[in-house]
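Below: the structure, in structure tokens.
Laboratory data are not the source of any read-out in this text; all were calculated from the coordinates shown. Here the structure is a predicted model, which means the values were calculated and not measured. Note: ideal-geometry Cβ built from the backbone for every residue, glycine included; neighbour counts use all protein chains shown.
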Amino acid sequence: MNSQNSECKTINSNYITYLLILILISIFGLFAYNRRMDIKLLRLSKAIINNTCLQQSTSVTKYDPIISDQIVRGYHLPEEYAVMLYQILKDTHELFAKHNISYFADGGTMLGAVRHKGIIPHDDDLDIGIMEEDYGKFLSLRAEFEQLGYSFVHLGWTQIRYSKYKEDDGGPLIDVFPYKKVVTPLGIIYANYIWAEVSGKDNVFFYEEDLYPLKKYKFGEIEVYGANNPRPFLSNLYGYNWDKISYIRQPHLEGWLKKQGKTLKHPPQNNSVILNGEMFNPLTTTTKLQNRVK
């Protein structure tokens with residue numbers, strides 16, 4: 001009997017020990033993740049101070065000068081795909097307005113709003129940013145997005161996708177990135193810290209005076225919100241010749257075409273081409289967008 005009690009005590013003691021170890025590991029893991037994020041933001045702050053992230057970047061995007069406008073036109077998105085991109089952005093814009101959620105164009109969508117006044121004709125996705133404190137409110141709208149035929153995919157950030165396409169099918173989507181306010185000795189910035197963590201790049205941020213107040217941009221037949229002064233952001237992200245050079249990469253379109261038994265044309269060797277003339281026009285469609293948000 002005493003032997004059985006001793007064994008029970010030993011088992012209970014071991015169980016408690018294992019449980020404590022698991023708790024400590026979980027706490028350490030959470031601390032380590034937060035610590036990595038703090039280090040990433042600290043690196044970003046130091047990069048700004050050391051002028052490695054400049055408001056007017058001196059980098060130049062390499063391009064293939066022999067690609068003609070006619071060849072570039074061959075990479076324009078199909079009509080059906082283009083309509084779905086504009087529709088998903090229109091619905092998102094209206095749902096955010098309905099629930100008082102502030103957002104702004106990010107990445108290639110900001111570039112398209114400034115340079116093309118719409119979707120870049122060969123850009124196969126959309127990018128927007130939301131402040132970290134509003135992100136939970138955005139995620140709470142899942143049911144309303146699902147009613148419109150969309151789904152959420154979480155990758156560290158959140159993608160709004162058409163529910164009828166699986167993740168591996170590609171297709172039109174919006175990448176929604178959380179932005180974090182960071183106070184640096186040179187001023188307040190708003191940083192896309194998730195993309196910084198994933199890509200290792202520290203140049204996806206807005207200075208507060210460049211981002212606010214947000215303003216509306218014409219975007220095809222709709223409007224989007226964007227930075228008040230986006231040029232420093234675009235120069236940091238794409239090089240100072242962002243207003244003349246375009247980067248071609250279409251992974252989401254490629255998956256979508258593959259699902260239909262079609263193939264994607266291979267882009268130029270350097271993926272970047274000089275734009276001129278009509279290549280600065282936005283992606284246009286002949287199909288009228290629907291008013292779906294009630």
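Just a few scattered comments:
- Formal net charge of residues neighbouring T287 (Cβ-Cβ distance under 11 Å; K, R +1; D, E -1): -2
- Net charge of the neighbourhood of D124, taken over other residues with C-beta under 12 Å away and scored Lys/Arg +1, Asp/Glu -1, is -4.
- In this structure, the amide hydrogen of T158, modeled 1.01 Å from its nitrogen in the peptide plane, lies closer than 5 angstrom to those of V176, counting only residues at least 5 positions away or on a different chain.
- Cβ-to-Cβ counts within 10 Å put E208, E254 in ascending order as E208, E254, the fewest first.
- With an a/c value of 1.5 or above and a/b not larger than b/c for the gyration tensor axes a ≥ b ≥ c computed over the alpha-carbon atoms, the stretch 69-280 is described as oblate.
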